[in-house]
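One structure below.
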Amino acid sequence: MENVGALALLLAFCIALYAIIASVTGTLKKKPFLTLSGERAVVVVWLLVSLASGILVYSLITGDMRMAYVASHSNHAMPIFYKVAAWWGGQEGSLLFWSWILSTYGAVVVLTNKGKHRNLMPWVLSILSTVQVFFLILNAFVVSPFQVLAVDKVVTSVPDGMGLNPLLQYWAMVIHPPMLYLGYVGFVVPFAFAMASLIVKAPGESWIQSTRRWAIVTWLFQGTGVMLGSAWAYHVLGWGGYWMWDPVENASLLPWLAATAFLHSVMMQEKKGMMKVWNMVLIASTFFLCIYGTFLTRSGIVSSVHAFAESPIGKFFVVFLAVGIAATVWLILDRLDYLKSESELESVVSRESSFLFNNLILLASCFAVLWGTMFPVISEKFASEKISLDAVWFNRLMVPIGLFLLFLTGVGPLFAWRRTSMESLRKNFQWPGIGMLITVAALYLGGMRYIYSIISLGLCFFVTATIFMEFFRGSRAISEKSKMGFIPAMVELTHRNTRRYGGYLVHMGIVLMFVGWSGHPFNQTAIGEVAKGDSMSVGAYTLKVLDLQDSDTADYQEATAVLEISKNGQPLGTLSPARRFYKVAQQATADVALRTRLNEDLYINYAAVTNGKATLQAYVFPLVTWIWIGVITLIGGTFVCLVPSKVARSYPRTEVVGIAQEGKRQPAVVHHENAQRGSE
């Protein structure tokens, strides 16, 4: 079986090379049969990589302990879904998983673009196949998942394997890596379309329209993966947090930030013919940050609980990144004349400027996170001392940036295209602004003294008010005109322009997440060693130890503390944090206990057992549940964006701003400001 899997990867590598040659030669020599064979080669690559992946998964499920990968990442006692998760739980398997998703995306691109984009498709497929070849080199020649155990060149096996890393044996980790990979790999497709449009100098924004939904879905996968990782850290690692600015955490966040800037920026190109160079730079940055994140996780240059062990593949990624970035920069510079803007920024107080500022701040945050992540490597290289930047450094820098982005989230929809009059500013900002000031004053008079939390909650009110106004005005107009109820009118409004109002729901999700983050300064912590019958307190909570229990399974030993919980003297029931020790891996993990409410979480970690006493770490986390509510809202809003609008909309640029024709600027057709604001 392992020989068939290795052969399938080798054949996939050869056929992916052929796909590049056939696609490029076919389009340059104008031989359609070659370009068609290139498309079919992409599908064949998917079949071969799927065969190899199926063999590896089958070996994991059946426990074929002759294979080194199976012996290192699976064992007989593991549940079947963790055996499947072992596919991406190790270095070799995860790279094969990367290749399989990429080959699947390539096949989907071929099947969904039959008869479309005939000038772009050969170049799109050649770029996709180039990335595919790189990963198949790693799969087939560098870190093959089909190596077998051997002694004196004789194939052997072990009675049982080491099993999946105990920290990964959690339901979210069955979903979290696939989500991240779907995001990491998915950005290859819009990148390929963008570069193909540059190569052929395709007119218009057809590449954006073709990949808009693709980019949104990929952005959703990436964001969902990041937040599932946060949930895993919160529930499994036991340190009492959801984000520690770990290098690998940062690596997953970077492409999401760049993609967020891209999704906002492409609207400017679609509607105004602006920011064309920006968009090429942003989609290229997103793609290469995805490759960088994959490299960072696997190279061993940073220490992280999320990273794989050090391996020889880092140099391959460095070469690929260097060559890819150099080629992309050259192509963009060579096509600068083709990327000239069709319009100019006319006013700082306009929706165009809000998009521009949004992009600048997102890129600033991206650079700050990248710099902080790589600083230990840079300092070790030039100062012979590895200096790590802790969470305090990141928070000091990123909190103000985040608050400014939150502010732009609120003001952007209130600006008109081109320029906004003072009367419009007063009308749109008056009540949200007053509400924000009242909120800030109430929080301060109520005793809150954390300035960033006050500003954050004030801005959350401001953005919520602006979103509510947008829904209220449109829904009321439809309700009055169509004589329908307000809620059906709101649904109708959203359906008429799902892209716009789904975007507002996404913004609302971000607001709710900021509400959750605003509670961070008010966290409370207590640590204590307790025996049966002892009590300890954290905040207004009292924890009394009713029992300390031990149990044993085939996979792990477990120690559990049964705690009676009360708050201000009122009994709330029991919680049972536990600590597990996995026998094969010789590793301990936490099974934290949570009491979740909208206002706060009570979080208890069973940290250790010493001389018959349990060491408990207890935390009170105000508002943290709103982070997860915000994530669900963001996901729901993204799905709304993907639903086709009921009313087809077009945005002729000459109706928004004049464009240069034959050296003369044509007068713009001026519409009512509210109508301009209402169009996306």
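The values are calculated or read from the model by the stated rules, or taken from the named source; none is laboratory data. In this text the structure is predicted, and so the values were computed from the model without any measurement. Because the Cβ atoms are built from the backbone with ideal geometry, glycine has one as well, and the counts that use them run over all protein chains shown.
Could you go through region 121-136 and let me know if any residue there is among the hydroxyl-bearing types (Ser, Thr, Tyr), assigned to a helix (DSSP H, G or I) and in contact with a Ser or Thr (Cβ under 6 Å, 6 or more places away or on another chain). For region 121-136, residues among the hydroxyl-bearing types (Ser, Thr, Tyr), assigned to a helix (DSSP H, G or I) and in contact with a Ser or Thr (Cβ under 6 Å, 6 or more places away or on another chain): present.
Yes/no matrix, rows are residues, columns are (1) outside any helix (DSSP H, G or I); (2) under 23 Å from SER252 (Cβ atoms); (3) of a type in the set (D, E, K, R):
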residue: SER343; (1), (2), (3): yes, no, no
residue: SER354; (1), (2), (3): no, no, no
residue: ASN358; (1), (2), (3): no, yes, no
residue: ILE361; (1), (2), (3): no, yes, no
residue: SER365; (1), (2), (3): no, yes, no
residue: VAL369; (1), (2), (3): no, yes, no
residue: VAL377; (1), (2), (3): no, yes, no
residue: LYS381; (1), (2), (3): no, no, yes
residue: LYS386; (1), (2), (3): yes, yes, yes
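The residue pairs whose first member lies in region 59-70 and is without any contact (Cβ under 8 Å) to a residue 40 or more places away in the chain, whose second member is not in a helix (DSSP H, G or I), and whose beta carbons are closer than 7 Å, counting only pairs six or more residues apart or on different chains, are LEU60/SER74. With the structure loaded, tell me whether THR409 is touching a residue at least 12 places away in the same chain (Cβ under 8 Å), assigned to a helix (DSSP H, G or I) and in contact with a Pro (Cβ under 7 Å, 6 or more places away or on another chain) or whether it fails that test. Against the criterion (touching a residue at least 12 places away in the same chain (Cβ under 8 Å), assigned to a helix (DSSP H, G or I) and in contact with a Pro (Cβ under 7 Å, 6 or more places away or on another chain)), THR409 does not qualify. Counting only residues that are under 27 Å from the mean Cα position of the chain (by Cα) and hydroxyl-bearing (Ser, Thr, Tyr), which one in region 121-155 is surrounded by the most Cβ atoms within 10 Å (Cβ to Cβ)? Checked region 121-155; the qualifying residue surrounded by the most Cβ atoms within 10 Å (Cβ to Cβ) is SER129. When VAL174 is tested against (1) of a type outside the set (Phe, Trp, Tyr); (2) buried (at least 22 other Cβ atoms within 10 Å of the Cβ); (3) assigned to a helix (DSSP H, G or I); (4) at pLDDT below 85, just one condition goes unmet, and that condition is (2).
Flag set for GLY238, criterion: under 30 Å from SER576 (Cα atoms) and not basic (Lys, Arg). Of the helices (runs of 4 or more DSSP H) that lie entirely inside region 429-538, those containing 1 or more residues that are closer than 25 Å to GLY402 by Cβ span 451-482, 498-518. Residues in region 85-120 that are part of a helix (DSSP H, G or I) and more than 24 Å from the chain's Cα centre (by Cα) were compared, and the one that is surrounded by the most Cβ atoms within 10 Å (Cβ to Cβ) is VAL110.
Considered as a group, the residues in region 56-69 that are surrounded by fewer than 22 Cβ atoms within 10 Å (Cβ to Cβ) and of a type in the set (A, V, I, L, M) include one that is nearest to SER144 (Cα to Cα), and that residue is ALA68.
Checking ALA194, ALA202 one by one, the residue that is among the small types (Gly, Ala, Ser) and part of a helix (DSSP H, G or I) is ALA194 and no other.
Yes or no, residue by residue, for (1) assigned to a helix (DSSP H, G or I); (2) buried (at least 16 other Cβ atoms within 10 Å of the Cβ); (3) in contact with a Lys or Arg (Cβ under 7 Å, 6 or more places away or on another chain):
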position	(1), (2), (3)
ALA19	yes, yes, no
VAL24	yes, yes, no
LYS30	no, no, no
ARG40	yes, no, no
VAL44	yes, yes, no
LEU47	yes, no, no
LEU51	yes, yes, no
ALA71	yes, yes, no
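Per the listing TRP214, TRP207, the residue uniquely among the aromatic types (Phe, Trp, Tyr), in contact with a Phe, Trp or Tyr (Cβ under 9 Å, 6 or more places away or on another chain), surrounded by fewer than 22 Cβ atoms within 10 Å (Cβ to Cβ) and part of a helix (DSSP H, G or I) is TRP214.
Do we find a residue being under 22 Å from SER379 (Cα atoms), surrounded by 20 or more Cβ atoms within 10 Å (Cβ to Cβ), at pLDDT below 80 and β-branched (Val, Ile, Thr) anywhere in region 293-306? Scanning region 293-306, I find at least one residue that is under 22 Å from SER379 (Cα atoms), surrounded by 20 or more Cβ atoms within 10 Å (Cβ to Cβ), at pLDDT below 80 and β-branched (Val, Ile, Thr), so the answer is yes. Just checking, which of THR574, THR553, THR525, THR589 is buried (at least 19 other Cβ atoms within 10 Å of the Cβ) and among the polar types (S, T, N, Q)? Only one candidate passes the filter, namely THR589. In region 206-221, the residues that are closer than 20 Å to ARG118 by Cβ form Cβ pairs under 6 Å with partners that are crowded, with 20+ Cβ neighbours inside 10 Å and modelled with pLDDT under 90, at six or more places apart or across chains, as follows: ILE208/VAL266.
Going by what's in this entry, would LEU339 be described as more than 19 Å from GLU249 (Cβ to Cβ), among the aliphatic types (A, V, I, L, M), touching a residue at least 24 places away in the same chain (Cβ under 8 Å) and part of a loop (DSSP other than H, G, I, E, B)? Yes. Residues of region 357-416 being at pLDDT 85 or above and of a type in the set (D, E, K, R), which ones? Once the filter is applied, which keeps residues that are at pLDDT 85 or above and of a type in the set (D, E, K, R), region 357-416 yields only ARG396.
The set of residues in region 607-640 that are surrounded by fewer than 18 Cβ atoms within 10 Å (Cβ to Cβ) and assigned to a strand (DSSP E or B) comprises ALA608, VAL609, THR610, LYS613, THR615. Taking residues in region 530-542 that are among the polar types (S, T, N, Q), and partners anywhere that are exposed (fewer than 14 other Cβ atoms within 10 Å of the Cβ), the pairs with Cβ atoms closer than 6 Å and at least 6 places apart or on different chains are THR542/SER535. Within region 227-242, the only residue that satisfies the criterion of being within 12 Å of ALA391 (Cβ to Cβ) and crowded, with 20+ Cβ neighbours inside 10 Å is TYR242.
When VAL545, VAL562 are screened for being surrounded by 15 or more Cβ atoms within 10 Å (Cβ to Cβ), outside any loop (DSSP other than H, G, I, E, B), touching a Lys or Arg at 6+ places or on another chain (Cβ under 6 Å) and on the phi < 0 side of the Ramachandran plot, only VAL545 passes.
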